[in-house]
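Structure first, commentary second.
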Amino acid sequence: MVLGYDEDRPKEENYVDFMEKLTSGLKELNLPNVALMIYGSYVRKDYNLGRSDIDSVWIFNDNIIINKENLLSCSEILAYALAGNNVPFQVTVSDLRTMQDGTFNSYNSSFKDYFESEGKFLIGQNYLSQFTYAEYKHPEQNPLAFNLRKIRNGLLFSNHYLKKDKKTFVEKFNSSLNSTSRASKQIMFMYDDKLRVNRFSAVEAIATEFPEVDVGPLKKIKYLFNNLLELDKMYHDTPGMLELYCDSLTTFEQMVKAYLDRTPNS
């Protein structure tokens, strides 16, 4: 969808209605471990009506592995707020430990002054003083941080996509499978400095070095990639896709946590 081409541009009342529904919905949800910060032109009141994004960071006070029930509850609130309000909402979904450690934080130090000068927390605790910004020392850090953010964001928007554009949800589902399966070899490369060519070649190493990681979703993804008719069938099984999406993200997060538990602030 392109604003002004195949979708109407949002008006002032759409921005207002979206923000009111989002904040009131999250307050009613009353999740003590969720914080929402907005920043950028919308906060500064110099945004371009009908074009500008509302920029935000959505933080779960979790130890890398976000509670998926809470994430899907937030997804329902977001879908409700977006219904009838085609406001461009840019968000980074993260967890508190990722923001504290910095290794896989998708924000670098150029955002520090930016956040501190105009970041506005609408929900939850202000965690800005606890942020450690990314310094990418390994070539896999940035891709991992980007893909972790991407599939978390896709799950946050899942209810919106399922109600408005299921094709986009299927695309995000596919992206989660690709990113999680690739992450296994990327994490191991960061850990043991051994380059692996095939995306599934690190599964056994993950199971051996990080026994707390559930590699079941990785094996299921490998099966689906080798049996495309089964993957095609899953595209028509929305609950099945949503379950595997959650499971694959959890495995990604478990790999990140296992790595950070062994090499914090690396």
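The values are calculated or read from the model by the stated rules, or taken from the named source; none is laboratory data. Everything numeric in this text was worked out from a predicted model, so none of it was measured. Cβ coordinates were reconstructed from backbone atoms using ideal geometry, including for glycine residues, and neighbour counts include every protein chain displayed.
Just to be sure before I move on: is Asn147 more than 30 Å from Met188 (Cβ to Cβ), surrounded by 18 or more Cβ atoms within 10 Å (Cβ to Cβ), in the same structural domain as Asp247 (by TED's automatic domain parsing) and at pLDDT 95 or above in the structure I sent? In short, no.
Okay, residues lined up against (1) aliphatic (A, V, I, L, M); (2) touching a residue at least 60 places away in the same chain (Cβ under 8 Å); (3) surrounded by 23 or more Cβ atoms within 10 Å (Cβ to Cβ); (4) closer than 29 Å to Val91 by Cα:
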{"site": "Phe157", "(1), (2), (3), (4)": "no, yes, no, yes"}
{"site": "Ser175", "(1), (2), (3), (4)": "no, no, no, yes"}
{"site": "Ala183", "(1), (2), (3), (4)": "yes, yes, yes, yes"}
{"site": "Ile187", "(1), (2), (3), (4)": "yes, yes, yes, yes"}
{"site": "Ser201", "(1), (2), (3), (4)": "no, no, no, no"}
{"site": "Ala205", "(1), (2), (3), (4)": "yes, no, no, no"}
{"site": "Lys219", "(1), (2), (3), (4)": "no, no, no, no"}
{"site": "His236", "(1), (2), (3), (4)": "no, no, no, yes"}
{"site": "Gly240", "(1), (2), (3), (4)": "no, no, no, yes"}
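For (1) charged (D, E, K, R); (2) farther than 26 Å from Glu69 by Cα, each residue gets a yes or a no:
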position	(1), (2)
Lys166	yes, no
Gly216	no, no
Lys222	yes, no
Leu229	no, yes
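Here region 193-252 is the region considered, the condition is being acidic (Asp, Glu) and in a loop (DSSP other than H, G, I, E, B), and the residue that is farthest from the chain's Cα centre (by Cα) is Asp193.
Taken residue by residue, region 160-170 has no member that is among the acidic types (Asp, Glu) and modelled with pLDDT of 95 or more. Within region 221-230, can one find any residue that is in contact with a helix residue (DSSP H, G or I) (Cβ under 9 Å, 6 or more places away or on another chain), within 28 Å of Trp58 (Cβ to Cβ) and either small (Gly, Ala, Ser) or buried (at least 20 other Cβ atoms within 10 Å of the Cβ) (or both)? Yes. I'd like to know if region 163-182 contains one or more residues that are in a helix (DSSP H, G or I) and over 30 Å from Val87 (Cα atoms). Within region 163-182 (the criterion being in a helix (DSSP H, G or I) and over 30 Å from Val87 (Cα atoms)), the answer is yes, since at least one residue qualifies. For region 36-59, the count of residues that are β-branched (Val, Ile, Thr), at negative phi and over 19 Å from the mean Cα position of the chain (by Cα) is at least one.
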